[in-house]
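Below is one structure, written out as structure tokens; the observations come after it.
The values are calculated or read from the model by the stated rules, or taken from the named source; none is laboratory data. From a predicted model like this one, the values you see are computed outputs, not experimental measurements. Quick reminder, even Gly has a Cβ in these numbers, built from the backbone with ideal geometry, and neighbours come from all protein chains shown.
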């Protein structure tokens with residue numbers, strides 16, 4: 001009865017102007033000012049660090065070009081397919097390794113040894129297997145994202161409460177039901193973190209492959225701007241890539257519900 005008269009405060013919206021936001025803004029502004037000072041100082045060769053107005057003009061020109069969006073779509077398509085293929089393979093591998101100690105002892109060390117290896121060294125093999133077209137770039141993205149996803153899922157499997165596993169076994173759940181009803185919901189954070197890491201390395205692997213042998217895609221656009229020494233266009237493309245990577249990362253975090261977990 002004592003709880004009846006207690007007033008419950010409604011949750012207040014968080015102020016958008018916080019000390020963290022202010023610090024981030026100061027860092028960005030300081031970086032821009034430092035860039036402009038370096039550009040006009042003459043310490044570097046002309047246009048190696050172009051002034052901000054030139055970069056801004058190149059960015060506007062880039063975003064108003066139809067050819068840019070065609071190359072952008074081609075790269076996104078390669079990354080998406082590679083992420084799906086490599087992600088599914090990594091998810092299944094992580095579930096198998098994490099649920100079986102014998103298999104983990106036999107095969108997990110190989111993941112740790114091969115995982116840090118730069119995947120670009122496999123690109124000549126990918127070209128021979130899948131050709132010089134989109135297939136080899138998709139394969140690079142899939143191979144790149146496979147390892148972080150597999151290792152994160154395997155580590156997440158070991159953190160699951162054994163009570164949950166015993167409950168599933170007591171109901172005689174089959175492997176598919178155990179994976180979808182017990183394992184994946186219980187290790188949402190490791191799966192999402194693995195997906196975020198996988199997206200990053202898939203992006204790197206695909207773009208590197210496009211810079212080596214391709215006539216389309218953002219990697220080709222980047223290397224073309226470099227070869228023609230069009231530095232404002234090069235930096236404009238890099239800005240777009242940064243924004244896209246940050247947006248995709250934030251989207252995965254939001255869809256995975258990690259924002260709610262952090263707030264709790």
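All of (1) surrounded by fewer than 19 Cβ atoms within 10 Å (Cβ to Cβ); (2) modelled with pLDDT under 90; (3) part of a helix (DSSP H, G or I) hold for residue 239 with one exception: (2). For segment 99-126, the set of residues classified as in contact (Cβ under 8 Å) with a residue 60 or more places away in the chain and either part of a loop (DSSP other than H, G, I, E, B) or closer than 17 Å to residue 194 by Cβ (or both) consists of 99, 119, listed by residue number. Among the candidates 173, 150, which residue alone is under 16 Å from residue 90 (Cα atoms) and touching a helix residue (DSSP H, G or I) at 6+ places or on another chain (Cβ under 8 Å)? Unique residue meeting the criteria: 150. Within segment 211-231, residues that are in contact (Cβ under 8 Å) with a residue 24 or more places away in the chain and on the phi < 0 side of the Ramachandran plot reach partners that are buried (at least 17 other Cβ atoms within 10 Å of the Cβ) and not in a helix (DSSP H, G or I) with beta carbons closer than 6 Å, at six or more positions or on different chains, in the pairs 220/214; 231/50.
Any residue at all in segment 45-60 that is outside any helix (DSSP H, G or I), surrounded by fewer than 19 Cβ atoms within 10 Å (Cβ to Cβ) and without any contact (Cβ under 8 Å) to a residue 12 or more places away in the chain? So far as segment 45-60 goes, yes, one or more of its residues are outside any helix (DSSP H, G or I), surrounded by fewer than 19 Cβ atoms within 10 Å (Cβ to Cβ) and without any contact (Cβ under 8 Å) to a residue 12 or more places away in the chain.
Among the residues here, residue 152 qualifies as at pLDDT below 90, surrounded by 13 or more Cβ atoms within 10 Å (Cβ to Cβ), under 30 Å from residue 177 (Cα atoms) and under 15 Å from the mean Cα position of the chain (by Cα).
One residue is enough: does segment 80-98 have a residue meeting the conditions on the phi < 0 side of the Ramachandran plot, in contact with a helix residue (DSSP H, G or I) (Cβ under 8 Å, 6 or more places away or on another chain), part of a helix (DSSP H, G or I) and without any contact (Cβ under 8 Å) to a residue 24 or more places away in the chain?
yes
Each residue in segment 127-158 was checked for being under 15 Å from residue 79 (Cβ atoms) and in contact (Cβ under 8 Å) with a residue 60 or more places away in the chain, and 12 pass. Regarding segment 215-227, can at least one residue be identified that is surrounded by 14 or more Cβ atoms within 10 Å (Cβ to Cβ) and closer than 25 Å to residue 150 by Cα? No, segment 215-227 contains no residue that is surrounded by 14 or more Cβ atoms within 10 Å (Cβ to Cβ) and closer than 25 Å to residue 150 by Cα. Within the option set 216, 254, being in a helix (DSSP H, G or I), modelled with pLDDT under 90 and either within 24 Å of residue 120 (Cβ to Cβ) or out of contact with any strand residue (DSSP E or B) (no Cβ under 8 Å at 6 or more places or on another chain) (or both) holds for one residue only, 254. In segment 99-126, of all residues being surrounded by fewer than 16 Cβ atoms within 10 Å (Cβ to Cβ) and touching a helix residue (DSSP H, G or I) at 6+ places or on another chain (Cβ under 8 Å), the one that is farthest from residue 154 (Cα to Cα) corresponds to 114. Residue pairs whose Cβ atoms lie under 8 Å apart, sitting 6 or more positions apart in sequence or on different chains, and linking a residue in segment 23-38 that is part of a helix (DSSP H, G or I) to a partner that is at pLDDT below 90, are 32/52; 35/49; 35/52; 36/51; 36/52; 38/44; 38/49. Taking the criterion of being within 30 Å of the chain's Cα centre (by Cα), surrounded by fewer than 18 Cβ atoms within 10 Å (Cβ to Cβ) and not in a helix (DSSP H, G or I), the only residue of segment 161-199 that qualifies is 161. Considering (1) at pLDDT 90 or above; (2) touching a helix residue (DSSP H, G or I) at 6+ places or on another chain (Cβ under 6 Å), the lone condition that residue 50 does not fulfil carries the number (1). For segment 141-156, the condition of being assigned to a loop (DSSP other than H, G, I, E, B) and either out of contact with any strand residue (DSSP E or B) (no Cβ under 7 Å at 6 or more places or on another chain) or farther than 18 Å from residue 80 by Cβ (or both) holds for none of the residues.
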